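> Here it is, the structure, as structure tokens.
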Amino acid sequence: MEQQNSLHPKKKDELLTILANHHRRIILNYFQNLSDNVASIQDLAEEIIEQDNGGKKQVTLQLLHSTLPRLADVGAIEYDQRSNTVRYQGHSKLEMMMGSIANL
């Protein structure tokens, strides 16, 4: 019997695709461990560089053109281009899935 809270297969695939990217998982984890729900692009880039040893320019470009837009598309974040800040909105399904992945 299927649970009422189960996701449509396409939505589940979309969320798994989000979590398949290491940088997106770093960003989600960063916000889950942050007392505030707002961070600058620079803070996020530095977090990725610290955990993944990437170059700052490359990481920032990837953040702006791939990582953040994908997270914004599913409603997990809002990105304000004028102030270069990201506001974490939370996403219960992504957070639940991240918890399951962390336990693997």
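> Straight-line reach only, C-alpha to C-alpha below 17 angstrom: list the aspartates and glutamates that Lys11 could link to, leaving out same-chain residues fewer than 8 apart.
Hits, sequence-local ones excluded: Glu2, Asp73, Glu95.
> Let me ask you something else. Take Ser92, project a point 7 Å from its Cα along the Cβ direction, then tell me which residues of segment 30-70 have their backbone nitrogen under 18 Å from it.
32
> Still on this structure, please answer the following. Taking the alpha-carbon distance from Lys10 and a cut-off under 16 Å, which lysines remain once sequence neighbours fewer than 8 residues away in the same chain are dropped?
Straight-distance partners of Lys10: Lys93.
> With +1 on each Lys and Arg Cβ and -1 on each Asp and Glu Cβ, how big is the dipole of segment 9-98 about its Cα centre, in debye rounded to the nearest 20?
That gives a dipole near 340 debye.
> Which FRET efficiency, nearest 0.05, do Gln51 and Ser6 yield, Cβ-Cβ r, R0 35 Å? Write down the numbers at each step before the final one.
Numbers: r = 32 Å, r/R0 = 0.91.
With a Förster radius of 35 Å, E is 0.65.
> Pick the calculated percent of Cα pairs over 23 Å apart for this structure from [x] 41; [y] 25; [z] 58?
It is the one labelled [y].
> Find how much the distance from Asp43 to Ile101 grows on full extension, using 0.36 nm per residue of separation minus their present alpha carbon separation; answer in nm with one decimal.
Length difference between fully extended and current span is 18.4 nm.
> If you don't mind, there's one more thing I want to ask. Only residues of segment 8-51 count here: report those whose backbone N is under 13 Å from the spot 7 Å along Cα→Cβ of Gln62, or say none.
Inside the label zone: 20-27, 45-51.
> Which angle between 0 and 90 degrees, to the nearest 10, do you get for helix 9-19 versus the longest principal axis of the chain when only C-alpha atoms count?
So the inclination is approximately 30 degrees.
We did not get these values from a lab; they are worked out from the coordinates using the rules stated. These figures come from a predicted structure and were not determined experimentally. Note that we place each Cβ from the backbone using ideal geometry, even for glycine, and neighbour counts take in every protein chain shown.
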